[in-house]
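Single-structure report; data block below.
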Amino acid sequence: MGLTPLLTIDGLTKTYPGVVANDDVSFHLAPGEIHALLGENGAGKSTLVKMIYGLAKPDAGAMTLGGAPYTPAAPWAARAAGVAMVFQHFSLFEALNVAENIALGTETLPPPRALAAQIREVGKSYGLPLDPGRLVGDLSAGERQRVEIIRCLLQNPRLLIMDEPTSVLTPQEADILFHTLRKISAGGAAILYISHKLEDIRTLCDKATILRQGKVVATCTPREVSAARIAELMVGQLLSPPARTERAPGEVLLKVADLSLEPVAAFGTPLRHIGFDVRAGEVLGIGGVAGNGQDELLMALSGEVLTAPGAILFKDHGIGAMPPGQRRSLGLLCAPEERLGHAAAPDMSLTENAVLTARQREGLERGGFLDWAGAKDFARRVIANFDVRTPGPDVVARALSGGNLQKYVIGREILQTPTVLVVNQPTWGVDAGAAAAIRQALLDLAKGGAAVVCISQDIDELLEISDWFCALNEGHLSTPRPVRGLSMEEIGLMLGGAHATHKAEPGATHAAA
Amino acid sequence: MLRLEKRPAPARGWIIGAPILAVLLTMVAGGLMFALLGKDPAESIRVIFWDPLFDDRFAGFSRPQLLVKAGPLILIAIGLSLGFRAGIWNIGAEGQYIIGAICGAGFGLAFFPSENPLIFPGMIIAGALGGWAWAMIPAILRTRFRTNEILVSLLLVYVAEAILATAATGFLRNPDGAGFPGSRNLARHPGTDNPEIFAGTGVHWGVMTAFIAVIAACVLLNRHILGYQIKLAGQAPRAARFAGVNAARLIILCLGISGAVAGMAGLFEVAGPAGQISIDFNSGYGFTAIIVAFLGRLHPVGILLAGLLMALTFIGGELAQLMLGVPAPAIQAFQGMLLFFLLALDVLSNYQVRIGYRTAA
């Protein structure tokens, strides 16, 4: 193209002790270009972006921005040069309102009233309606992301970096985001778009750079290449979709009937009249954006929050008032979303973390005393069977990468041969190869006669492995429907809560039909 | 720019190295302070750290004192450390210590003048029960009404002190004591005394119990499910809940154990080194033990060493006052420096110091 590139990256190399995170990475972005950065976890995307945003210094190589040499020493320098970034994890204060949150992240601060007007104006011109006075704690994930985007746009960036922006959005919300991003690029700003959702990239991006093990392995125009081909380039091998076999539905193993719960934490979501059942050999997929009651549902099922005995039935026995250990003995196992601090204790070794949930079923306790040799053995088996990359079972949990720890905590439950397994976001932040392995393990478990409940934000994942699909929206669960024959549109409506309200409090009048 | 960066795993070398470096730094800084006060720094340090143990003139008296002072500190601190590890803060060990002493002494005096050999074991049990019962007040208030156990346990210390004064001047007063406050002397009456087991070592039954407690705590924390649950609840409360740890039960257990051992420590003290219930027989062991627990990193062996070190600075400090005329506040400042350096350097086992901007992965 004849345009001078906005950003050139030339031979960037960054080494951390033990790994070469980026090895001679080069590519360039034209003004107005939407450029995808693709790669598995650990491929070096984050390191590259950190160097562009001034969070890390390259060991070798050079960057130019708008033709001038670009060496940001810190994020403020990057922002001053016109580079803005929306992180995957939002840095917002729930107890402050939108305008206050934006003011906190802005270096050149206009007076409050002008700021509110600017927020409205920018929001309107980019199709991101947002009330500056609303509390962030009350916003949905999509709305919170808008706050972050508007915060960036107010600085008139030349380059906007988006890190996994659609991971928390419904399909409809993602469409709105794409619309906004196209408007931004039409205005002349370039966008560096990091994602592992190949279909998103194929609809949105002009060019893609694919990283594997720190190196650029390909540059392509995503529209002209199939998603399967891109995936192969990312992983470096052929990926086979999980194998599914037809199976006859068995007896109902887990039944939830009219489960209502008040939130445990501030800004938590109450559960409202939740009901579903799962049969042996089936996978129930529960979709919906995080924060709509997923955590609360998992805690009710795991026994961390107790309910009326009859609200949760395991093989027709009311277990709603039973503590977690007894539920595990029966065969109901859970794997929460938050790996560090909930599913695993960060400063404990993998062996100690094996005892956390496997004490009862693996017989790791005798007369009050723990069988550490047995625990270590079990931890080793999890590590081996689920390809957890770690020096050994004595390593503390927080030393593992997110994906590896996820493999460990999911593997820990699956190896205990549960009768019913409940998982929340099982492949969140896990690279494509490992995610496929986890999904296959869940399917194999169901095939072996277990009932699986999979709570996830990733609709593709749910469609891939589930027999039944329903969605959580503001604590309401839609009626489960067979996945076969479900259209994307219907799923979107379920996620948006359109099918949930009819189960709401009896006697409540609907304002609109 | 100096920055602290969290280590991926605690550094083993620093866990042992930090306390040694802290003692050396205290010697340097303390020596400087003593020099400014016009004392010979080398001699001051020697009198505090060396003479109590190895000087011919003092060691005969000081060496047994080391264990007499360290015993209750270690015993109480071991009990406290279990709760502290689980995030349950018993600050009122001093009160449990006093009530334990009163109950144990009361049991012994009730049988006066019998010399039955079963009386002393009965006193130990009564002391433990007294401390346990006193700790149950904050425990039950916490689990039933969500009161703060820090405040309740602390304030109960002052209630216990009032009860102690009443006991010494009232219901436990020596009938043959010509109206002076204070109970009969337990240590001088066979059957109620807590004697030195090995002559010249200072080892009485309380010191033995402290050593047993160290071993028991090691086993509990490393091998037993309760120790595991204690550590889990302290490090990751959500994970503990997920694992099925019953928080209320843990609070009752931890406060109960720490109260019971503090009560026992009180009984051993009143039946041995102190000898009698007096208005002020308690000498702050319950509070000092909190420092000992943290100084020992809440680890049983660490607490054993910390208790001995603390006792040494007490004895050595007294000796320095006596022999060199070092003012008492300077000794306290010296002890404060030791604590400061120990806790400040602790950061190095979990963090490393980096120079420059953040470059983390």
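Read the figures in this text as sums done on the coordinates, not as results from a lab. Everything quoted here is computed from the prediction, not taken from an experiment. Reconstructed Cβ throughout: ideal geometry from the backbone, glycine too, with neighbour counts over all protein chains shown.
For the stretch B:187-340, the dipole from Cβ point charges (+1 on Lys and Arg, -1 on Asp and Glu) about the Cα centre works out to 840 debye, to the nearest 20. For chain A, the longest principal axis of the C-alpha atoms and the axis of helix A:141-153 are separated by about 10°. Less than 5 angstrom separates the built amide H of residue A:218 from those of A:210, all sequence-distant by 5 or more or on a different chain.
For a modelled paramagnetic label at residue B:199, 7 Å from Cα along Cα-to-Cβ, the residues of the stretch B:47-64 in reach, with backbone nitrogen under 18 Å, are B:60-64.
Ordering B:156-165, A:112-121 by mean Cβ neighbour count within 10 Å, with the highest value first, yields B:156-165, A:112-121.
Compared with the dominant Cα axis of chain A, that is its longest principal axis, helix A:171-186 is turned about 10°. Structure shown: which of A:407/B:6; A:315/A:447; B:39/B:69; A:14/A:50 lie over 20 Å apart, alpha-carbon to alpha-carbon? Result: A:407/B:6; B:39/B:69 exceed 20 Å. Counting only lysines at least 8 places from residue A:124 when in the same chain, those with an alpha carbon closer than 16 Å to its own are A:183. With a 10 Å cut-off around each Cβ of A:363-373, the average count of Cβ atoms from other chains is 3. Computed across the stretch B:1-131, the Kirkwood hydrodynamic radius from all distinct Cα-Cα pairs reaches 19.6 Å. Based on C-alpha pairs under 8 angstrom that are at least 6 apart in sequence, the stretch B:62-301 has a relative contact order of 41 percent. In the stretch B:291-322, which residues have a backbone nitrogen under 17 Å from the label point lying 7 Å from residue B:43's Cα in the Cα-to-Cβ direction? So the set is B:317-322.
Mean per-residue shielding of peptide B:233-240 is 6, counting Cβ atoms of other chains within 10 Å of each Cβ. Peptide A:335-343 shows a mean partner chain C-beta count of 3 within 10 Å per residue C-beta. Residue B:304 sits among other residues whose Cβ lies under 15 Å from its own Cβ, and their net charge, with Lys and Arg +1 and Asp and Glu -1, is +2. Taking a ≥ b ≥ c as the square roots of the eigenvalues of the Cα gyration tensor of chain B, is the shape rounded (a/c under 1.5), prolate (a/b larger than b/c) or oblate? Oblate shape, in that a/c is at least 1.5 and b/c is the bigger or equal ratio. Computed from label points 7 Å out along Cα-Cβ, the spacing between residue A:74 and residue A:377 is 5.5 nm. Under a Cβ-Cβ cut-off of 15 Å, what is the net charge of the residues other than residue B:139 that fall near it, where Lys and Arg count +1 and Asp and Glu count -1? Computed value for this residue: +3. Here's how it looks for residue B:92: its modeled amide H is under 5 Å from those of B:154, which are all 5 or more places away or on a different chain. In this structure the amide hydrogen of residue A:30, modeled in the peptide plane, comes within under 5 Å of the amide hydrogens of A:6, none closer than 5 places in sequence on its chain. Annotation: for a label point projected 7 angstrom from Cα along Cα→Cβ of residue B:115, residues of the stretch B:192-220 with backbone N closer than 13 Å are B:192-193.
Under a model in which nothing but the beta-carbon of Lys, Arg (+1) and Asp, Glu (-1) is charged, the protein assembly as shown shows a dipole of about 520 debye around its Cα centre. Neighbours of residue A:374, meaning other residues whose beta-carbon lies under 11 angstrom from its beta-carbon, give a summed charge of +1 when Lys and Arg score +1 and Asp and Glu score -1. When restricted to Cα atoms, the protein assembly as shown yields an Rg and a Dmax of 33.0, 110 Å, respectively. Projected label points at residue A:489 and residue A:226, each 7 Å from Cα along the beta carbon direction, are separated by 2.8 nanometres. The angle between the Cα long axis of helix A:402-414 and the main principal axis of chain A comes to about 10°, on a 0 to 90 degree scale.
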